[in-house]
Amino acid sequence: MFKYSLRSCLYGTILLGTATSALAAPSPTEVFDRYVVAANAGDMTAIRDLIAPDVERSDFVGCSPEMDNPSCLLHYIETTVVAPEGHIRVVRSQVAGEVVTATLELRSTLAKRVGVERILGQDVVRISDGRIKAFHFIPDFADEPTAVFFGSLGIGPRATAPTSRP
């Protein structure tokens, strides 16, 4: 009888430990990796599930004032990565607390239309409790194709002034 009780107690402890670890939030690296996989697959539902309801507002110019913060970030990701069939390749990443800084390469039909193969930059993503709380992309303007691409959009050191039509 004592042997059975000890065994039950041991199994119970193991199961409790497993259940507790299963409830733990994924690490910032795991969440960022899930974002990259979802973005490359064009899975907006999976991306939506990774974004916290109280995410910081994106500065994306395509967001309307009526959009809530999660919708704005989703719109940014859909417009810049998913819709133009983008593919993100992480070159390297580092984690400092809740912040993942990933140097990446993005190839997309949008970049090709401008005449460049890819753009380079960094995603700086703050992740807490398994959700994205802030997301910023910083272009690498020292990279010629990146500077050309963003310049065609009127952004950065190679920005071209919009032409006015009569």
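For the ranges 85-92, 136-143, 123-130, what's the packing order if you count other beta-carbon atoms within 10 Å of each residue, average per peptide, and put the highest first?
123-130, 136-143, 85-92
Taking the Cβ of residue 50 as the center, what net charge do the other residues with Cβ under 9 Å away carry, scoring Lys and Arg +1 and Asp and Glu -1?
Working: positive: 34, 48, 131; negative: 49.
Here the count lands on +2.
Go through the stretch 75-83 residue by residue and turn each phi into a ³J(HN,Hα) via Karplus (6.51, -1.76, 1.60, θ = phi - 60°); whole Hz please, and just put x for glycine and proline.
Working through the residues one at a time gives 4, 4, 5, 5, 6, 9, 10, 6, 4 Hz.
Calculated FRET efficiency, residue 159 and residue 41, Cβ-Cβ r, R0 30 Å, to nearest 0.05?
Numbers: r = 32 Å, r/R0 = 1.08.
For residue 159 and residue 41, the calculated efficiency is 0.40.
If you take every residue apart from residue 136 with its C-beta less than 15 Å away from the C-beta of residue 136, what net charge results, scoring Lys and Arg +1 and Asp and Glu -1?
Details: positive: 57, 126, 133; negative: 56, 59, 98, 123, 140.
Here the count lands on -2.
HN-Hα J couplings of the stretch 28-36 from phi, Karplus 6.51/-1.76/1.60, θ = phi - 60°, integer Hz, Gly and Pro as x?
x, 4, 4, 5, 4, 4, 4, 4, 4
The numbers here are math on the coordinates, done by the rules we state, and not lab data. Source: prediction; values computed, not measured. So basically every Cβ, Gly included, is an ideal-geometry build from the backbone, and we count neighbours across all protein chains shown.
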